[in-house]
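Asker: My structure is below; once you've seen it, I'll send some questions.
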There are 2 protein chains.
Amino acid sequence: MNAVDRWPPVPDGSPFGVANLPFGIFSQPEPAARGGFRRIGVAVGDNVLDLSPLFGDDCFAAPTLDGFLARGRRMWSGTRARITELLTDPHYQGAVSPHLLPRSEVVLHLPFTVADYVDFYCSLDHASNVGRIFRPDAEPLLPNWRHLPVGYHGRAGTVVVSGTPVVRPSGQRRPPGAETPMFGPSVRLDIEAEVGFVVGVGSPLGEPVPIEAFADHVFGVVLLNDWSARDIQAWESQPLGPFLGKSFATSISPWVVPLEALAAARVKGRAQDPAPLPYLRRTEPWALDLSIEVALNGTVVSRPPFATMYWTPDQMLAHLTVNGASTRTGDLYGSGTVSGPDPSQRGSLIELTWNGTEPLVLADGSTRSFLEDGDTVTMSATAPAADGTRLTLGEVTGTIHPARPTP
Amino acid sequence: MNAVDRWPPVPDGSPFGVANLPFGIFSQPEPAARGGFRRIGVAVGDNVLDLSPLFGDDCFAAPTLDGFLARGRRMWSGTRARITELLTDPHYQGAVSPHLLPRSEVVLHLPFTVADYVDFYCSLDHASNVGRIFRPDAEPLLPNWRHLPVGYHGRAGTVVVSGTPVVRPSGQRRPPGAETPMFGPSVRLDIEAEVGFVVGVGSPLGEPVPIEAFADHVFGVVLLNDWSARDIQAWESQPLGPFLGKSFATSISPWVVPLEALAAARVKGRAQDPAPLPYLRRTEPWALDLSIEVALNGTVVSRPPFATMYWTPDQMLAHLTVNGASTRTGDLYGSGTVSGPDPSQRGSLIELTWNGTEPLVLADGSTRSFLEDGDTVTMSATAPAADGTRLTLGEVTGTIHPARPTP
């Protein structure tokens, strides 16, 4: 039992206020009571609200959000409304308090089973920077870029929860000027600051999801770090795209913030020229005013503004399914690296250091072009909440461990 | 109960002999006894052997092979040995016969839950043909091609079982000479004849699977048709690879043929020059002498020989995991289009018709550059079996249904 001296149980200024209420999966470490039992919790203040004893519904005693996600929008909304009631009406304080567990005492897990993972490339500033770095004498954007949200499938099985160590990948790369590739640990290990969208309700094969049905399918958002080995990626990617340069790990934040919590963060979205084809025309404002922060060993190195994205998540889902591809509970799609127009808003090291030519200087005086062993990257984000406060998406963090010895 | 007048219950010349014994998931249609109950069966002769009543093991009463696949190589081998004994020793005829159900009377289902789906590009002749078609004035193979098996992730959720209708996908394409894209049904719908490999036992994050451990992880093979909308693919694929041009459907055969059944089909594999990096060096002969046949509306249009592949499946798995990517039960990886050196051995229409310039003539006198609505494509394959007969991988078939109306 946890002492709670105020109701709602939220310290002043907490970004986990009652306007946030993100969902996740937690357990209590051994040898605590019910140790190891994974179940659904909602973050509030400094605590996790243990839903399973409060709701007479097995779906909250599950080790993933999958069952809850599949129930659909009315269930999501009704559950959120009931939790809000329980946490704000003083009448419930006595009954609810025993189910508030200090967040510092629980372990957080991958919140859902990742079905298919798609990664998009939706930031105009990111795509333009990449074009300028790799094709300095050509038009930065490729001909298709303003007509569709470019995307590709990534590896669902290596999506890991925040905190999971990231072992530096080994692979083939071709050093500059070399004829043939060499094998060894990546020497250009990078990050990509992204926002991920979690599909709750799937869609059948052959039936595109119309753009206006976005919120009937997508439950919420996570932060996502699409770790990228630029040297492996550069050598392998022609003609079929990234593979091992990305598939070693993709980290996501443990809390899934419901779209409903982001009502006050919804903005119109960047103007699009040319006008998208009809199936991609926005019907509602689904750009999101999320302020992302990227810290490397504690030094904030970037502040990407998600509101500057060219393609919005409703457009991404409409595009992903326009060919009739089905979707499933647990599908995850990433926005692609979030970069804003200002150099301080770039969401990857390759942009921040302009392909390694302008190293970053960290607070300890050291410099970085790409990640070194032992480096820790932490991304966090906040957004305006409906009650006038700011809410947090939590954080996604990971530390680079040395490559395993080459066999 | 099914009348079986010989033991083993295999008609002369059947490619489903006791040296084959592929695994699948079947049910009996309503209103038959146990209608709709999906469970594991093994194809033998013209029947399916219903394993669940014969083995006192719940894993055979499951609606997918997943549990069986996860058990590992000793279990796979022991089960196969026991089934062989049951089907060959006349002593068992009385006990086993009631569990032989005519294959014509059962429905076959997707045999396993597809975890991650990867598609490779391992045929030298296919990659060379594609290079010659799209880059006629350049070296057909890109610089990386002979150094690694090029691959990328596809959509696991749209892998479907043979017989599932394939709805013509709609999407963006840019007609030749046009500045901007248009939206509509694909007009260049193609096939890719491939062999798929099914991972039974996964591997942990951070631990590459050494090439010699291939058969400890991969249970068996399927035939795979990687349906491809060439016009959608061409417009969307830069710079991140294929996406909607492939993700609308990938069909696999319902029977998974165990690697163990293919012992007599194992051959040394095509010589590789330059020698691959150490992690890709073959330690055992895992090229497979499979003779594939592709029929379009009943006319055989190609006979791709799988033994001509440049990269072999043991190399594919070693590459897929060399960066530390984990694998899971149900991971599926395709070989890429199988094309042999002869024009009659090309595994896609884009090669067979040389990008539509040399249409195929079918038996009914009609011609095809790409697929038309109503077309049926059926791929099958045979291989030498250990008992001197030929075994079959079964078939993967699909019929093109018209595109849905553009919204």
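The values are calculated or read from the model by the stated rules, or taken from the named source; none is laboratory data. All values reported here derive from a predicted model rather than from experimental measurement. Here Cβ is always computed from backbone atoms with ideal geometry, including for glycine, and neighbour counts include all displayed protein chains. These accessible areas exclude ligands, DNA and RNA; they are computed on the full protein's heavy atoms, side chains included. Shrake-Rupley method; radii C 1.70, N 1.55, O 1.52, S 1.80 Å.
Asker: Between a residue in region B:313-329 that is at pLDDT below 95 and any residue that is open to solvent by less than 10 Å² (accessible area, probe 1.4 Å) and basic (Lys, Arg), which pairs come within a Cβ distance under 8 Å, given they are 6 or more apart or on different chains?
Answerer: Close Cβ pairs (under 8 Å, with a partner that is open to solvent by less than 10 Å² (accessible area, probe 1.4 Å) and basic (Lys, Arg)) do not exist here.
Asker: Follow-up question, since we're still on this one. With the condition being open to solvent by less than 10 Å² (accessible area, probe 1.4 Å) and more than 11 Å from every other protein chain (Cβ to nearest Cβ), I'd like the strands (runs of 3 or more DSSP E) fully within region A:190-272 carrying at least 3 qualifying residues.
Answerer: Those strands (runs of 3 or more DSSP E) span A:193-199, A:218-225.
Asker: Quick check on region A:30-51: of everything there that is in contact with an Asp or Glu (Cβ under 8 Å, 6 or more places away or on another chain) and either part of a loop (DSSP other than H, G, I, E, B) or not assigned by TED's automatic domain parsing to the domain that holds A:Leu86 (or both), which residue is surrounded by the fewest Cβ atoms within 10 Å (Cβ to Cβ)?
Answerer: A:Gly36
Asker: Take region A:162-189 and flag every residue that is in a loop (DSSP other than H, G, I, E, B), touching a residue at least 60 places away in the same chain (Cβ under 8 Å) and at the interface with another protein chain (Cβ under 7 Å from one of its Cβ atoms).
Answerer: The one that is in a loop (DSSP other than H, G, I, E, B), touching a residue at least 60 places away in the same chain (Cβ under 8 Å) and at the interface with another protein chain (Cβ under 7 Å from one of its Cβ atoms): A:Pro169.
Asker: I would also like to ask the following. Looking at (1) in contact with a Leu (Cβ under 8 Å, 6 or more places away or on another chain); (2) part of a strand (DSSP E or B); (3) over 10 Å from B:Ile232 (Cα atoms), which is the one condition that is false for B:His153?
Answerer: Condition (1) is where B:His153 drops out.
Asker: When the residues of region B:308-326 are filtered to those that are among the polar types (S, T, N, Q) and more than 7 Å from chain A (Cβ to nearest Cβ), which remaining residue is most open to solvent (accessible area, probe 1.4 Å)?
Answerer: Once the filter is applied, the top-ranked residue is B:Thr308.
Asker: So how many residues does region A:84-131 have that are away from every other protein chain (no Cβ under 14 Å) and assigned to a helix (DSSP H, G or I)?
Answerer: Residues in region A:84-131 being away from every other protein chain (no Cβ under 14 Å) and assigned to a helix (DSSP H, G or I): 20 in total.
Asker: What are the residue pairs meeting all of these: first residue in region B:192-212, first residue at positive phi, second residue among the hydrophobic types (A, V, I, L, M, F, W, C) and crowded, with 20+ Cβ neighbours inside 10 Å, Cβ atoms under 7 Å, and 6 or more apart or on different chains?
Answerer: Once the first residue is at positive phi and sits in region B:192-212, its partners that are among the hydrophobic types (A, V, I, L, M, F, W, C) and crowded, with 20+ Cβ neighbours inside 10 Å give B:Gly206/A:Val167.
Asker: Also, I was wondering about something else. Could you list, in sequence order, the residues of region A:273-289 that are under 16 Å from A:Asp125 (Cβ atoms) and open to solvent by less than 40 Å² (accessible area, probe 1.4 Å)?
Answerer: A:Ala287
Asker: Could you tell me how many of the residues in region B:138-161 are open to solvent by 30 Å² or more (accessible area, probe 1.4 Å) and either within 23 Å of B:Met379 (Cα to Cα) or within 8 Å of another protein chain (Cβ to nearest Cβ) (or both)?
Answerer: So the count comes out to 3.
Asker: Then there's this: Do you know which of the residues in region B:362-407 that are of a type in the set (Val, Ile, Thr) and closer than 15 Å to B:Trp227 by Cβ is surrounded by the most Cβ atoms within 10 Å (Cβ to Cβ)?
Answerer: B:Val396
Asker: If you don't mind, another one. Taking the condition of being under 19 Å from B:Thr158 (Cβ atoms) and open to solvent by 10 Å² or more (accessible area, probe 1.4 Å), how many residues in region A:328-361 meet it?
Answerer: Here the count works out to 2.
Asker: Also, quick follow-up: May I ask you to list the residues in region B:351-407 that are under 20 Å from the mean Cα position of the chain (by Cα), within 14 Å of chain A (Cβ to nearest Cβ) and not small (Gly, Ala, Ser)?
Answerer: Selection gives B:Thr399, B:Ile400.
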